[in-house]
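Here, each number is a calculation from the coordinates, and none is a lab measurement. Quick caveat: nothing in here was measured; it's all calculated off a predicted structure.
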């Protein structure tokens, strides 16, 4: 039995892990590399395995760094089954169609609309805690608490118990329940995006968001929030709606200026069964969790342009979350030079991204061939990350230490992956490896 790593290995993006049981070949995720142009060029490189060989692809969740190369895999010959939750399927279609639209605009498409249609023709839904046989392996999906529909892939085969975490959720999530508890394991493949770092606590993240809104209201500026369309945008607009309803922040217009985030929010509204219990109860009493009179969804380009004419103070939530594209760039070009305004970073920023340069203190940046001075205040809230932090990752691994034979630490930058790998070995006494792309191991 062997496992090999074809992305997400000492890097956050491009998750793609192949388990070969002897009877079955199971690919867990098939994600896109994201970040700098050099990193994104890797998407066009050949897979490190025969694309037609897997019997199944298990998709842990719908973030593009876990699904983005799936249509390419299909185009190159994959004809097995794709397994995930129904919410992941709905989100994946929206996100892949958006990725194709952006790539076609840049004449840099990795796959076609036909490839997307073929991909969803192979898709079969699974529910949490239900099992599916794949030749000599049995797959069960457990709730990962990361984004809507996210799952951990638990595989039993040849007397071995193997778990791929996908991405583990940050507890407490604004909207979702915590990850399911998992029993004893022999092998664990765990994410490490925040392998050595800690988040602020839940109260601190909400307080920082509230203060940012209050500060731009006092200054008469604009609060810019670059947000990932999936989960982060829904968390933020839910909290802003709650603050406005409870009169904890001044009344001001809030714009969700992302066609993708608007479509994703509609998927969230169709899956209240995935919410945590207190949000389910709130939904039953108030089914419009993501709607209010102060909240405006600007779907078209013309609607987006009207935001410029609205007097400050105002709040703009727009994609992309790492500021690598999307409407946030137009707003950043307009407001980064305004000392009254605040840029609030609420998610992970990959190396090479514009968001990362701003977090690192860049005094000027180039946006759309224009050099922009950074006079707006740049703030960061780590607690809104959808990823588990170091303490949560450690607490997830610790109860399994007596049975674990080996832990593979993936989906984290080199420092995070190596740091968490060392912690597992030193503090838990479990053999651990942070594999590199292309490496193969015998279980």
Exercise for review: Would you compute, from DSSP H runs of 4+ residues alone, the mean residue ellipticity of the chain at 222 nm, taking -39500 (n - 2.57) per run and dividing by the full residue count, rounded to the nearest 500?
Suggested key: -9000 deg cm²/dmol
Check your understanding: To the nearest 10 degrees, how steeply does helix 232-245 sit against the main Cα axis of the chain, on a 0 to 90 scale?
Key -> 40 degrees
Revision key, fill the gap. The helix 259-269 Cα axis meets the longest alpha-carbon principal axis of the chain at an angle in degrees, between 0 and 90 and rounded to 10, of 70 degrees
Review point. If contacts are Cα pairs under 8 angstrom and at least 6 residues apart, what is the relative contact order of the range 335-385 in percent?
Key: 53 percent
Study note, to complete from the structure: Within the chain, the percent of DSSP beta bridges that are antiparallel, given to the nearest 5, stands at 45 percent
**Study point:** Cα-based equivalent ellipsoid of the range 178-266: semi-axis lengths in Å, sorted from largest, via gyration tensor
**Key:** 32, 17, 13
Revision key, fill the gap. Dividing the mean separation of Cα pairs under 8 Å (6+ apart) by the residue count of the chain yields a relative contact order in percent of 20 percent
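State the extension gain, in nm to one decimal, for the chain segment bounded by residue 125 and residue 414, taking 0.36 nm per residue of separation less the distance between their alpha-carbons. Intermediate results must be reported in sequence, preceding the final value.
On the way: separation 289, 0.36 × 289 = 104.04 nm, distance 3.38 nm.
That works out to 100.7 nm of additional length.
Expressed as a rounded percentage, what relative contact order does the range 202-384 have, with Cα pairs under 8 Å and six or more residues apart? Each step should come with its number before you reach the end.
Details: 309 pairs, mean separation 58.8, N = 183.
Value for the range 202-384: 32 percent.
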Practice item. Quick one: plug the Kirkwood hydrodynamic radius of the range 202-384 (C-alpha pairs) into Stokes-Einstein at 20 °C, 1.002 mPa s, and report D in µm²/s. Key: 129 µm²/s
Check your understanding: Thinking of the chain as a set of Cα atoms, what percent of all their pairs are more than 39 Å apart?
Key -> 18 percent
Revision key, fill the gap. From the Cα centre of the range 312-339 to that of the range 54-117, the distance in Å is 28 Å
Study note, to complete from the structure: Gyration tensor on Cα atoms of the range 313-385, a ≥ b ≥ c root eigenvalues, a/c under 1.5 rounded, else prolate if a/b beats b/c, else oblate, says rounded
Review point. Helix 414-428 versus the longest principal axis of the chain: what is the Cα-based angle in degrees, 0 to 90, to the nearest 10?
Key: 60 degrees
